[in-house]
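Trainee: Below: one structure in structure tokens.
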Amino acid sequence: MERAGTFGASVGSAMSQLTYVAVGAVAGVLLVRERQRRLAAERLAAAVLETLLRAIDANDAETGGHVRRVARYALILADAADLDTRTKRNIERVALFHDIGKIHEALFDIIHDDSDLTPEEREAVRTHPQRGAAVLAPLAAFYPELTDGVVAHHERWDGSGYPHHLRGNTIPLEARIVAIADSFDAITFNRRYHSAQSVSEAAEQLMKGRGTQFDPKLLDLFLSPPVLDQVMTALGEDLHGPRLRRSVRRGPTDQARLPTLSFRWRTTTPAPQSPGLRPRRSL
């Protein structure tokens, strides 16, 4: 009886070990499959961003050129701030997609019309951060900083920005950096509503927003001679000049609703260059 008990215990021990091995094998297979699914989903998310960027180029070459220049300036500032690689990638993505809400059909014609905007139209344009964030929301699981940065890129350091009146360091870092780069490009490149100004004029205008519109420490760094020299070099290269495009207004905008974007797909990247519009880089 003692031998039988010992034999039974041995069998039981062997069965337990086999069970542990089997469970471990199944868990390993499940983990591998989950990792494969995750990698496939991440590749799909990256492909979606690339497609969206190409769609921006296809729908609006001016915006396509603008966001690429903003991304370059933002990365120069991020490098100067000695930010880590992950943060710099987040900043680049926010810069590239910060204006995606502007190519919605409800706003496109307003933004590209040569006539002055009405107060109602200005309010409609101010919805573009929310529209852009809504478009990018399905990718939030992979790029959680992207929607937060896009929706906050018109917030101001003193809390007077929009849409949520964030203040100071409560504004995402990505948005604070993109806001400086965005404003610099808006000043130094031709737009339908104003001519390009020089780098020195841009620096003067940016300084007026120090501590009110912009993070003062980041702005000081951006306007420091070593960083501004790099920005001037990038500006002079003019890799992606904008192309103006006129349209006839389609009618009033529904400001209460934020409908989804519609794209006309075309594979054009980088953004097409327009030789007719050049930046001013003189000091």
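Yes/no matrix, rows are residues, columns are (1) at pLDDT below 95; (2) farther than 22 Å from D82 by Cα; (3) among the aliphatic types (A, V, I, L, M):
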| site | (1), (2), (3) |
| --- | --- |
| T170 | no, no, no |
| R176 | no, no, no |
| A181 | no, no, yes |
| R192 | yes, yes, no |
| E201 | yes, yes, no |
| K208 | no, yes, no |
| D215 | no, no, no |
| D220 | no, no, no |
| P226 | no, no, no |
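Trainee: Still on this structure, please answer the following. Specify which of the listed residues (A9, A45, A81) is at pLDDT 95 or above and either in contact with a strand residue (DSSP E or B) (Cβ under 9 Å, 6 or more places away or on another chain) or surrounded by fewer than 18 Cβ atoms within 10 Å (Cβ to Cβ) (or both).
Mentor: A81
Trainee: Follow-up. If we keep just the residues of region 117-140 that are of a type in the set (S, T, N, Q) and in a loop (DSSP other than H, G, I, E, B), which is surrounded by the fewest Cβ atoms within 10 Å (Cβ to Cβ)?
Mentor: Filtering region 117-140 for residues that are of a type in the set (S, T, N, Q) and in a loop (DSSP other than H, G, I, E, B), the one surrounded by the fewest Cβ atoms within 10 Å (Cβ to Cβ) comes out as T118.
Trainee: While we're here: Just name the residue that is farthest from E121 (Cα to Cα) out of those in region 238-250 that are exposed (fewer than 12 other Cβ atoms within 10 Å of the Cβ) and either modelled with pLDDT of 85 or more or charged (D, E, K, R) (or both).
Mentor: Among those that are exposed (fewer than 12 other Cβ atoms within 10 Å of the Cβ) and either modelled with pLDDT of 85 or more or charged (D, E, K, R) (or both), it is R246.
Trainee: Give me the helices (runs of 4 or more DSSP H) completely within region 141-221, filtered to those with at least 3 residues that are β-branched (V, I, T) and within 15 Å of the chain's Cα centre (by Cα), ordered by residue number.
Mentor: 144-151, 173-188
Trainee: When the residues of region 146-162 are narrowed to those that are touching a residue at least 40 places away in the same chain (Cβ under 8 Å) and more than 16 Å from A46 (Cα to Cα), which ends up surrounded by the fewest Cβ atoms within 10 Å (Cβ to Cβ)?
Mentor: In this case the residue turns out to be S160.
Trainee: Here is a further query. Please list, ordered by first then second residue, the pairs with beta carbon atoms under 8 Å, 6 or more apart or interchain, first in region 124-145 and among the hydroxyl-bearing types (S, T, Y), second at pLDDT 90 or above and in a loop (DSSP other than H, G, I, E, B).
Mentor: T127/P163
The values are calculated or read from the model by the stated rules, or taken from the named source; none is laboratory data. Since the model is a prediction, treat every value here as computed from it, not as a measurement. Neighbour counts are summed over all protein chains in view; Cβ atoms, including those assigned to glycine, are modelled from backbone coordinates with ideal geometry.
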